[in-house]
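Since the structure comes first, as structure tokens, the remarks are kept for the end.
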Amino acid sequence: MVREQYTTTTQGTSLQRPDNEYVYKIGIYGWRKRCLYLLLLLLLIILVVNFALTIWVLRVMWFNPEGMGLLKVTKDGLRLEGESEFLFPLYAKEIHSRTDSSLLLHSSQNIVVDARDMNGNVTGRLTVGPKAVQAHGQQFEILSNEGKMLFSANENEVVVGADKLRVTGPEGAVFEHSVETPHVKADAFKQLRLESPTRSLSMDAPKGVYIKAQAGNIEATSQMDIVLHTSEGMLVLDSETVRLPRLPRGSRGVPGNSQGLYEVCVCPDGKLYLSVAGEGSTCHEYSAC
């Protein structure tokens with residue numbers, strides 16, 4: 001191993017310098033030095049470029065101490081002002097607008113809102129499409145501001161909790177099955193019509209069916225027969241005038257032979273009954289009062 005020799009000279013001393021074959025120069029010289037400087041210059045350029053890109057990204061993305069541009073981080077979550085576009089699904093626990101503006105959701109296709117359980121299965125879905133609005137779930141409810149149920153629907157029934165259900169369409173309402181309601185009423189100066197074009201129409205109530213027209217007529221039209229039947233009570237026609245304009249009129253038969261002809265008799269209490277027809281009235285002879 002060769003040792004490096006260092007010599008110092010002072011005034012009045014004379015030392016012999018070592019031979020040049022034992023003296024080595026310390027440092028990097030030649031092409032190695034140029035490569036080192038080139039590498040340092042390249043690292044400096046990369047550092048300057050990275051710093052410039054960082055400044056550019058901060059300026060473009062509007063980074064600030066409160067967040068990024070219109071997106072601010074608060075203690076309650078994230079606050080986004082203005083219009084935003086989401087290219088992928090958005091997962092959030094709660095979304096609400098500012099107190100002085102409305103919340104607008106816009107999409108060129110569909111807007112789908114899903115509710116999932118702990119396993120990730122969809123338990124409810126609301127889809128707003130260009131042609132229809134669909135809601136999927138076990139039950140659909142509409143509540144008022146006071147929490148009162150206005151509308152509820154499930155697989156078994158549909159309940160309208162409002163005080164009044166009004167149908168304003170010119171064709172009215174069509175029900176394929178039975179309807180249960182305590183009151184059916186038309187608007188003022190409008191007609192109420194109950195119709196079954198191809199089947200029968202039945203109105204049932206355990207305590208009676210009440211039909212009233214305050215400023216008009218009540219008409220019942222049938223192609224076949226109209227039967228008024230009561231099993232235990234009686235049929236009451238309470239009116240000043242009772243007309244049967246289309247009863248057939250039988251021809252006068254041989255005296256003393258009724259030929260199946262009867263006359264309609266009325267009791268003082270309004271009860272109607274038939275009596276065998278004769279030359280005179282036979283109501284007293286066959287009285288059923």
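Test of understanding: what is the full-extension gain from residue 159 to residue 99, defined as 0.36 nm times their sequence separation minus their Cα-Cα distance? It would help to have the intermediate numbers written out before the result.
On the way: separation 60, 0.36 × 60 = 21.60 nm, distance 3.29 nm.
Full-extension gain reported as 18.3 nm.
Carbon and sulfur: what percent of the chain's accessible surface (1.4 Å probe)? For the chain, the apolar C and S fraction of the accessible surface comes to 54 percent.
Each 10 Å bin from zero up to the one holding the largest Cα-Cα distance in region 58-141 carries the following percent of pairs: 12, 36, 34, 15, 3.
FRET efficiency for the pair residue 204 and residue 61, taken as 1/(1 + (r/R0)^6) with r the Cβ-Cβ distance and R0 = 51 Å, rounds to 0.10.
Work out the FRET efficiency for residue 217 and residue 175 from their Cβ-Cβ distance, taking R0 = 22 Å, and round it to the nearest 0.05. Before the final figure, lay out each step's value.
Working: r = 25 Å, r/R0 = 1.14.
Using R0 = 22 Å, I get an efficiency of 0.30.
Full extension of the segment from residue 191 to residue 238, taken as 0.36 nm per residue of separation minus the current Cα-Cα distance, would add 14.6 nm.
Would you kindly state the longest site-free stretch of the chain, with sites defined as chymotrypsin sites (Phe, Trp or Tyr not before Pro) in a DSSP loop (not H, G, I, E, B) surrounded by at most 16 other Cβ atoms within 10 Å? The partial results should precede the final answer.
Working: sites that count: 6, 24, 29, 62, 86, 91, 175, 189, 210, 286.
Formally, the longest exposed-site-free interval is 92-174.
If you place +1 on the Cβ of every Lys and Arg, -1 on the Cβ of every Asp and Glu, and leave all else neutral, what size is the dipole of the chain about its Cα centre, to the nearest 20 Debye?
Details: 29 positive and 32 negative charges, 408 e Å.
That gives a dipole near 1960 debye.
Straight-distance candidates among the lysines for linking to residue 271, with alpha-carbon spacing under 25 Å and chain neighbours fewer than 8 residues away dropped: 207, 212. Solvent-accessible surface of the chain, averaged per residue with a 1.4 angstrom probe and all protein chains in place: 102 square angstrom. Counting only residues at least eight positions apart within a chain, or on another chain, the lysines with an alpha carbon under 19 Å from that of residue 72 are 93. Length gained on full extension, residue 53 to residue 110: 16.7 nm, using 0.36 nm per residue less the C-alpha separation. Seen against the Cα atoms of the chain and their longest principal axis, helix 31-60 is set at about 30 degrees. Measuring nothing but alpha carbons in the chain and taking Rh as the Kirkwood radius, the Rg to Rh ratio lands at 1.54.
Think of it as helices only: each DSSP H run of n ≥ 4 in the chain is worth -39500 (n - 2.57), and spread over all residues that comes to -3500 deg cm²/dmol at 222 nm.
The values are calculated or read from the model by the stated rules, or taken from the named source; none is laboratory data. Everything numeric here is computed off the predicted structure, so don't read it as measured data. Positions of Cβ are backbone-derived with ideal geometry, glycine not excepted, and every protein chain shown enters the neighbour counts. Note: accessible area is taken over every heavy atom of the protein model, side chains too, but ligands, DNA and RNA are not part of it. Shrake-Rupley method; radii C 1.70, N 1.55, O 1.52, S 1.80 Å.
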